[in-house]
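Since every read-out is calculated from the coordinates, none of them should be taken as a lab result. Remember, it's a predicted structure, so these values are computed and weren't measured experimentally. No Cβ is skipped: glycine too gets one built from the backbone with ideal geometry, and neighbour counts run over all protein chains shown.
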Amino acid sequence: MAFINHDLLVWVIIPILIFFARICDVSLDTLRVIFVINGKKNMAPLLGFFEALIWLIAISQIIQNLHSTIGYFAYAAGFAAGNYVGMLIEEKLAMGHVIIRVITRRPAAMLIKKLISKNYRVTTIEGEGNAGRVDIVFAVVRRNAIPQIIDSIKQFNPRAFYTIENVRSISQADEDIPYQPPLRRRFMRFLNP
């Protein structure tokens, strides 16, 4: 890189590269942790390899240019941005399943009927809350179905209380969970050993 000015390289180009390297490695770290939590044994080690490799390249540039304080800021800013980007990527992938629990004082027959009509498996029980009798509805769904389920809940009862929890694994997923497009299904099979 003899044709690039040394000061430009040290004070501008290397910090920019460090910034983007950190975005990449922290995004991979965020995804790797999510894969580990969801038990995706195939992808977590692969992401970990590239995460470590990118981190080593970034930190070696910091060490080689210790006098460049802007490199420190690029490193920290890349870390912060990488967390954000990693969460955005994970949100778009919407991998895994969740359990949605709805607690409502209204009889839940209409909500149950609507969810069943959309091919969701639903379990319901009666309960007793502070204000008296309640219906509790459980549904295990793919994460990408959350907006549709929440919309159905709000149409049924805007004041219904609901919680959403991650599910590590489920049995008979292909039979119990609604259809998923073929390309995504093939990709997900690679992620789920």
- Item | Isotropically averaged projected area of the chain, using the convex hull of Cα atoms (one quarter of hull area), nm² | 15.2 nm²
- Message: For segment 88-164, compute Rg over Rh where Rg is the Cα radius of gyration and Rh is the Kirkwood radius from the inverse mean 1/r over Cα pairs.
- Response: 1.00
- Task: At 0.36 nm per residue, minus the direct Cα-Cα distance, what do Ile150 and Trp11 gain on full extension? Give it in nm, one decimal, please.
- Result: 45.2 nm
- Restricting to Cα pairs under 8 Å and 6 or more apart, the percent relative contact order of the chain works out to 25 percent
- Task: On a 0 to 90° scale, report how tilted helix 146-156 is relative to the longest principal axis of the chain, with both axes built from alpha carbons and the result rounded to the nearest 10.
- Result: 40 degrees
- If you place +1 on the Cβ of every Lys and Arg and -1 on the Cβ of every Asp and Glu, how big does the dipole about the Cα centre of the chain come out, in debye to the nearest 20? 880 debye
- Task: Please check the chain for the longest run free of chymotrypsin sites (Phe, Trp or Tyr not before Pro) that are loop-located per DSSP (anything but H, G, I, E, B) and have at most 12 other Cβ atoms within 10 Å.
- Result: 4-178
- Task: Using the Kirkwood radius over Cα pairs, work out the Stokes-Einstein diffusion coefficient for segment 6-93 at 25 °C and 0.890 mPa s, in µm²/s as a whole number.
- Result: 185 µm²/s
